[in-house]
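One structure below.
The values are calculated or read from the model by the stated rules, or taken from the named source; none is laboratory data. The structure displayed is predicted, hence computed values, not measured ones. Positions of Cβ are backbone-derived with ideal geometry, glycine not excepted, and every protein chain shown enters the neighbour counts.
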Ligand SMILES: [Zn+2]
């Protein structure tokens, strides 16, 4: 059995053709050309903007001319990951697919069902003879995976519809109606190097390791331990009792990851060493009470002998830095009232990095589906940095999409889902960025929803698409288009 033998054939045929076209993020010219050719071949109005986003329009089927205009939106690029033992060139080679145990998978590479299946469904709606619909727009965006860049630079004229269906969700039975916006806030601490004291001083490395870590959006509600916070807490407890010097410090890595590890080389009078070890043991025991069960098994807070460093950070900068790290919030800041049980606002104390130019950069990232709440937490983090004499740098970030449980398109989709499948779908809002946030910013009155078939292991060579959910999703999509209300 091959992909093109699957049903509904109008969707799988197109998915098969799309997977044959190379389409890495930022290298989308081949798939854009494919779409332009496709539109010409099927006599569809087509145009593209300066960001290579493709816009197609199809008039209503007879009798449906007075319906609201629906935009079917998907992204054309895919994440390119392969197993190390697979020879594959994503810029030239077609994805090799296989059908197995109810799933479609690639051979050792990402499949690109994210979001190739969304593209396939949109093209199928434009060409399948049995789909009845009002005025339609199909919108194909570029460079979603490396920062929502196509959507960010989208020609706003491409959003001249009433309803937008985003075809980029990965869990059948879930309707997504909201996402977080995000911003980064960095604190830059400037320090002076000073000669490290030598006589009667002990130098040690303090290390936090073994924490679970995770994604600062999708895992933030799990209350996982943050290595930067733990390191700061220990160093602050030492500073309360003795003069300590910091020779170097490092923690965390990516802005969107919860810090799993952090370390510092510090010095204190040799006579204080036993006390430092005792404080470490007390904190270690307390943390085993405080940390989540996921963090506990491998967590370690260790101290080991280090060699004498030549220089240390000046004392004021060291105190400012550790005070700020201790005080900075991390984790969930607020829960959604519209969507109980969903995180609305959060902040991640992501990383602490020393730079050669006598600067230490602390990177934090804030998310919220509410623009005002996002600005509030950005301001709070900024104030803490400034109080600690750090310079504050923020990025513009990306906008969120505030969930509206009363959305008309959501209610239509819910009703039809219930009629077809006997129960109600799960309504979710995700705590990460989606293109929808940018669409909403450009056209605030768009009624939007996101849904799709089940994709597991997206962005990895394990990516697979569940065949059964594609036909269910396709039937739902067709039924929804038929039931779009009049303008
Ligand atoms: Zn996607």
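Points worth noting:
- Criterion violated by residue 21 - all others in (1) surrounded by fewer than 16 Cβ atoms within 10 Å (Cβ to Cβ); (2) in contact (Cβ under 8 Å) with a residue 60 or more places away in the chain satisfied: (1)
- Test: residue in segment 43-64 that is out of contact with any helix residue (DSSP H, G or I) (no Cβ under 7 Å at 6 or more places or on another chain), on the phi > 0 side of the Ramachandran plot and more than 16 Å from the ligand (Cβ to nearest atom): yes
Table: residues versus (1) over 27 Å from the mean Cα position of the chain (by Cα); (2) over 21 Å from residue 469 (Cα atoms).
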residue	(1), (2)
399	no, yes
403	no, yes
409	no, no
415	yes, no
434	no, yes
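- Residue in segment 85-103 that is assigned to a strand (DSSP E or B) and within 15 Å of the ligand (Cβ to nearest atom) present: no
- Looking only at residues in segment 104-118 that are away from the ligand (no atom under 14 Å from the Cβ) and touching a residue at least 40 places away in the same chain (Cβ under 8 Å), the one that is farthest from residue 67 (Cα to Cα) is 108.
- Remark: pairs (first residue in segment 161-186, under 15 Å from residue 70 (Cβ atoms); second residue more than 16 Å from the ligand (Cβ to nearest atom) and assigned to a strand (DSSP E or B); Cβ separation under 6 Å; 6+ apart in sequence or on different chains) = 161/71; 161/137; 163/70; 163/447; 164/71.
- Of the candidates 146, 141, the single residue that is closer than 30 Å to residue 350 by Cα, touching a residue at least 24 places away in the same chain (Cβ under 8 Å), within 16 Å of the ligand (Cβ to nearest atom) and surrounded by fewer than 21 Cβ atoms within 10 Å (Cβ to Cβ) is 146.
- Inspection of segment 377-392 finds no residue satisfying the criterion of being at pLDDT below 95 and either outside any strand (DSSP E or B) or touching a strand residue (DSSP E or B) at 6+ places or on another chain (Cβ under 7 Å) (or both).
- Residue within segment 216-237 that is free of Cβ contacts under 8 Å to residues at least 60 places away in the same chain and within 30 Å of residue 170 (Cβ to Cβ) present: yes
- Selection count, segment 155-178, where residues are in contact with a helix residue (DSSP H, G or I) (Cβ under 7 Å, 6 or more places away or on another chain) and either within 12 Å of the ligand (Cβ to nearest atom) or outside any strand (DSSP E or B) (or both): 7
- You will find that of 54, 46, 70, 32, the residue that is touching a residue at least 60 places away in the same chain (Cβ under 8 Å), in contact with a strand residue (DSSP E or B) (Cβ under 7 Å, 6 or more places away or on another chain) and farther than 19 Å from residue 112 by Cα is 70 and no other.
- Pairs with Cβ under 9 Å, 6+ apart, first in segment 414-441 and free of Cβ contacts under 8 Å to residues at least 12 places away in the same chain, second surrounded by 19 or more Cβ atoms within 10 Å (Cβ to Cβ) and in a helix (DSSP H, G or I): 423/417; 424/417
- Entry remark, segment 205-228: residues being outside any loop (DSSP other than H, G, I, E, B) and either surrounded by fewer than 20 Cβ atoms within 10 Å (Cβ to Cβ) or out of contact with any helix residue (DSSP H, G or I) (no Cβ under 8 Å at 6 or more places or on another chain) (or both) number 9 in total.
- Qualifying residue in segment 119-136 (condition: over 20 Å from the mean Cα position of the chain (by Cα), in a strand (DSSP E or B) and either within 16 Å of the ligand (Cβ to nearest atom) or farther than 26 Å from residue 432 by Cβ (or both)): yes
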